[in-house]
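Enquirer: I'd like to ask some things about the structure below.
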Amino acid sequence: MVDHEKLLKLKREQDAVILAHYYACPAVQDIADYVGDSFYLSKIAAKIKCRTIVFAGVKFMGECAKILNPQKIVLMPDARADCFMAHMIDNNFIRESRKRYTDLAVVCYVNSTTETKACSDVCVTSANAVTVVSKLPNKNILFIPDKNLGHYVARHLPDKNFIFNDGFCPIHEHIDVQEINRLKKEHPSVKVLVHPECNAAIIKIADYIGSTSGIIKFAAENTDREFIIATEIGIKHRLEQTSPSKKYYFPDTTPKCLNMKLNTLENVLSVLKTGKNAITVPTELAVSARKALTKMLELA
């Protein structure tokens, strides 16, 4: 059992701020200073005043925080927490695409490595991808690494020519449409709220498609009392906090990111004590990646 007072005392001593993604476990969300999706946390990381950031997310999120705050210490509660999708792009594919297409913008989902961001023109999150890409003057858009989010953006911007990479989030890609349809039969009048990282079959039956923050906002503001949710189970905690009187139905095969669940109160306390798992990003790489992240914040 973690002593909350001890953790908070260490946090004050280290001048630390705890950021947690919605997919982190409930106990970590509750102790965090800021909880949100990738876009919200990127904005917080860019402007927050502190000496230390403890980022309860996955590696690319900690790297983004470090890139935007090179002078700050950024600690990951568990160094193993990584994003499978981030590694589903060969940067040679980016270089070859630049040779093949004129007037090309390389649009990189933040769920990517620092090396990939450094090869890109602009980053996006699921919350701002349509807005950011719509403001780019380029006709040709190489969208990496997530094919599902890329196709979702392309549907909104038919005047642009999209080139896709075959990357995906395993958790969202493998949500079973049959399980969602079973929930729809059990609750025939209930809306289906879907993350754009989901596969095409799930997207097709969605009543609302949006980022984690978008799903939470929609559920809070909509007058309906029940919702079917197609995204990672960690969002349930904030949904129940925001609208506790409403009901939320998830697929039987629980969509769970085990890497996100590596963030625990115990290892948050541990890194505050020891300073271990500090993120480092080579300066030259950070400078190139920062351009893509900064452009996202400007356009969004």
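The values are calculated or read from the model by the stated rules, or taken from the named source; none is laboratory data. All values derive from a computational prediction rather than experimental measurement. Please note: Cβ atoms are built from the backbone with ideal geometry, for glycine as well, and neighbour counts cover all protein chains shown. Note: accessible area is taken over every heavy atom of the protein model, side chains too, but ligands, DNA and RNA are not part of it. Shrake-Rupley method; radii C 1.70, N 1.55, O 1.52, S 1.80 Å.
Enquirer: Scan (1) in a helix (DSSP H, G or I); (2) open to solvent by 20 Å² or more (accessible area, probe 1.4 Å); (3) in contact (Cβ under 8 Å) with a residue 12 or more places away in the chain for the single condition GLY150 breaks and write down its number.
Expert: The failed condition is (2).
Enquirer: Any chance you could count how many residues in region 171-198 are out of contact with any Phe, Trp or Tyr (no Cβ under 8 Å at 6 or more places or on another chain) and within 25 Å of PRO145 (Cα to Cα)?
Expert: The total comes to 9.
Enquirer: Quick test of your reading of the structure: ALA289 fulfils all but one of (1) more than 30 Å from ILE67 (Cα to Cα); (2) touching an Asp or Glu at 6+ places or on another chain (Cβ under 9 Å). Name the failing condition by number.
Expert: (1)
Enquirer: Still on this structure, please answer the following. Where residues in region 207-230 are of a type in the set (Ser, Thr, Tyr) and under 19 Å from VAL28 (Cα atoms), which of them is most open to solvent (accessible area, probe 1.4 Å)?
Expert: Step one: list which residues in region 207-230 are of a type in the set (Ser, Thr, Tyr), which gives 208, 211-213, 223.
Filter once more, keeping what is under 19 Å from VAL28 (Cα atoms): 212-213.
Values: THR212: 4, SER213: 42 Å².
Within region 207-230, the match that is most open to solvent (accessible area, probe 1.4 Å) is SER213.
Enquirer: Give the residue, chosen from GLU197, GLU179, that is of a type in the set (D, E, K, R), in contact (Cβ under 8 Å) with a residue 40 or more places away in the chain and touching a strand residue (DSSP E or B) at 6+ places or on another chain (Cβ under 7 Å). Show your work before the answer.
Expert: Working: GLU179 fails: touching a strand residue (DSSP E or B) at 6+ places or on another chain (Cβ under 7 Å).
One residue alone meets the criteria, GLU197.
Enquirer: Determine, yes or no, whether ILE202 is surrounded by 13 or more Cβ atoms within 10 Å (Cβ to Cβ), touching a strand residue (DSSP E or B) at 6+ places or on another chain (Cβ under 9 Å) and not acidic (Asp, Glu). Write out each step before concluding.
Expert: On the way: surrounded by 13 or more Cβ atoms within 10 Å (Cβ to Cβ): yes; touching a strand residue (DSSP E or B) at 6+ places or on another chain (Cβ under 9 Å): yes; not acidic (Asp, Glu): yes.
Yes; evaluated as a whole, the condition is true for this residue.
Enquirer: Among the listed residues ASP159, ASP166, which satisfies the condition of being modelled with pLDDT under 95 and either among the hydroxyl-bearing types (Ser, Thr, Tyr) or open to solvent by 60 Å² or more (accessible area, probe 1.4 Å) (or both)?
Expert: Working: ASP159 fails: modelled with pLDDT under 95.
Only one candidate qualifies: ASP166.
Enquirer: Tell me, which residue of region 4-61 that is acidic (Asp, Glu) and not in a loop (DSSP other than H, G, I, E, B) is surrounded by the most Cβ atoms within 10 Å (Cβ to Cβ)?
Expert: Filtering region 4-61 for residues acidic (Asp, Glu) gives 5, 13, 15, 30, 33, 37.
Retained after the next criterion (residues that are not in a loop (DSSP other than H, G, I, E, B)): 5, 13, 30.
On the way: GLU5: 8, GLU13: 10, ASP30: 14.
Among those that are acidic (Asp, Glu) and not in a loop (DSSP other than H, G, I, E, B), it is ASP30.
Enquirer: Here's a follow-up. Which of (1) open to solvent by 10 Å² or more (accessible area, probe 1.4 Å); (2) more than 18 Å from the chain's Cα centre (by Cα); (3) of a type in the set (Ser, Thr, Tyr) is the odd one out, the single condition SER97 does not satisfy?
Expert: Of (1) open to solvent by 10 Å² or more (accessible area, probe 1.4 Å); (2) more than 18 Å from the chain's Cα centre (by Cα); (3) of a type in the set (Ser, Thr, Tyr), only one is false for SER97: (1).
Enquirer: Could you list all residues from region 260-286 that are in contact with a strand residue (DSSP E or B) (Cβ under 7 Å, 6 or more places away or on another chain) and among the charged types (D, E, K, R)?
Expert: Selection gives nothing.
Enquirer: Is it the case that region 125-134 has a residue that's open to solvent by 50 Å² or more (accessible area, probe 1.4 Å), of a type in the set (Val, Ile, Thr), at pLDDT 95 or above and farther than 26 Å from ASP252 by Cβ? Show your work before the answer.
Expert: Initial filter on region 125-134 (open to solvent by 50 Å² or more (accessible area, probe 1.4 Å)): 131, 134.
With the extra rule that they be of a type in the set (Val, Ile, Thr), the set shrinks to 131.
If we keep only those that are at pLDDT 95 or above as well, we get 131.
Filter once more, so that each one left must be farther than 26 Å from ASP252 by Cβ: 131.
So far as region 125-134 goes, yes, one or more of its residues are open to solvent by 50 Å² or more (accessible area, probe 1.4 Å), of a type in the set (Val, Ile, Thr), at pLDDT 95 or above and farther than 26 Å from ASP252 by Cβ.
Enquirer: Determine which single condition PRO137 fails, assuming it passes every other condition in (1) open to solvent by 60 Å² or more (accessible area, probe 1.4 Å); (2) modelled with pLDDT of 95 or more; (3) closer than 27 Å to THR264 by Cβ.
Expert: The failed condition is (3).
Enquirer: Only residues in region 225-251 that are at pLDDT 95 or above count as the first member; pair them with residues that are among the β-branched types (Val, Ile, Thr) and in a strand (DSSP E or B), Cβ under 6 angstrom, at least 6 apart or cross-chain, and list the lot.
Expert: Taking only residues 6 or more apart or on different chains, the pairs are ILE228/VAL192; ALA230/VAL194; TYR248/ILE229; TYR249/ILE228; PHE250/ILE229.
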